[in-house]
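Worksheet: the structure to be examined is printed underneath.
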Amino acid sequence: MTMQAVPPGPDPLPASAGQDLLHLLGQRFSTGPKYLAAPGPTMEAWMRAARVAERAPDHGALRPFRFVIVGDDQRLALSELFAQGALERGQPPDDVERARARAFNGPGLAALVARICPDVPDVPVHEQWMCVGAGLMNFLNALHVMGFAAKSLSGLSVSDEAIKAAFCDSDESLACWIVAGRPREPAHPRQREPVAPLLETWRPTKA
Ligand SMILES: Cc1cc2nc3c(=O)[nH]c(=O)nc-3n(C[C@H](O)[C@H](O)[C@H](O)COP(=O)(O)O)c2cc1C
């Protein structure tokens, strides 16, 4: 039997760097806007995170997501949309002001826009959403590795028609917002009670 040469993987890391990266990824957790400090990611950092998001498993190469960064100069315009949406939903004045203020949350703010096509042969809608989720996870992990804390948030604003129209084309939806900045406090990873085994070995028949 002849031994075939195994081609090297892309950009092999020294083993220690791989271990460090695994350790770091194991420490990621979400950090809400209250616990984020400036600076937020630069455009270059957002772009690096988007490039890593693009490595999500993508059946059919649809790339069913994209990111839209809301710059500091655009927060005021977004706050008007948030406030208008709350007004139109009939929310009381305090809630309208809270909605307005939410547009200023997080030193960095991005929107995750999804484009899910119902009629793609071999790529059902759930696989496309899985790709969007994987893109989000890669995006959050990349921010984390670059030293940013972040959190994905939705709320009523993502289904507000005027806000959707401001970010999405007609075949797209606003999946969530992503706030990011430097963490004000060291990480406190949450411990959860396991709801089911995380990993097990399959057996053909369950005893
Ligand atoms: C698409 C999406 C939308 C979310 N929207 C909210 C939200 O509006 N409010 C909230 O508290 N958590 C929301 N979450 C959950 C948080 O982002 C976060 O995952 C959760 O607090 C658990 O923290 P962890 O990521 O550290 O496990 C959302 C998560 C996803 C994936």
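The values are calculated or read from the model by the stated rules, or taken from the named source; none is laboratory data. Only a predicted model underlies this, so the values are computations on that prediction, with no experimental measurement involved. Using ideal geometry, Cβ is built from the backbone for each residue, glycine included, and neighbour counts are taken over all protein chains shown.
Quick notes
Table: residues versus (1) touching a residue at least 12 places away in the same chain (Cβ under 8 Å); (2) acidic (Asp, Glu); (3) exposed (fewer than 15 other Cβ atoms within 10 Å of the Cβ); (4) under 25 Å from Pro64 (Cα atoms).
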{"residue": "Pro92", "(1), (2), (3), (4)": "no, no, yes, no"}
{"residue": "Arg102", "(1), (2), (3), (4)": "yes, no, no, no"}
{"residue": "Asn105", "(1), (2), (3), (4)": "yes, no, no, no"}
{"residue": "Ile116", "(1), (2), (3), (4)": "yes, no, no, yes"}
{"residue": "Val120", "(1), (2), (3), (4)": "yes, no, no, yes"}
{"residue": "Pro124", "(1), (2), (3), (4)": "no, no, yes, yes"}
{"residue": "Gln128", "(1), (2), (3), (4)": "yes, no, no, yes"}
{"residue": "Gly135", "(1), (2), (3), (4)": "yes, no, no, yes"}
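- Being closer than 16 Å to Ile178 by Cβ and modelled with pLDDT of 95 or more is true of Pro39.
- For segment 154-188, residues that are in contact with a Gly (Cβ under 8 Å, 6 or more places away or on another chain) and either surrounded by fewer than 19 Cβ atoms within 10 Å (Cβ to Cβ) or of a type in the set (Asp, Glu) (or both) total 4.
- Segment 65-87 residues that are touching a residue at least 24 places away in the same chain (Cβ under 8 Å) and crowded, with 16+ Cβ neighbours inside 10 Å, paired with ones that are among the aromatic types (Phe, Trp, Tyr) and part of a strand (DSSP E or B) (beta carbon under 9 Å, 6 or more apart): Val70/Trp177
- Checklist (1) within 11 Å of the ligand (Cβ to nearest atom); (2) modelled with pLDDT of 95 or more applied to Ile163, failing item: (1)
- In segment 125-156, residue nearest to Val113 (Cα to Cα) [restricted to those that are more than 9 Å from the ligand (Cβ to nearest atom) and of a type in the set (S, T, N, Q)]: Gln128
- Condition check for Ser152: without any contact (Cβ under 8 Å) to a residue 40 or more places away in the chain, closer than 30 Å to Gly60 by Cβ and not aromatic (Phe, Trp, Tyr): no
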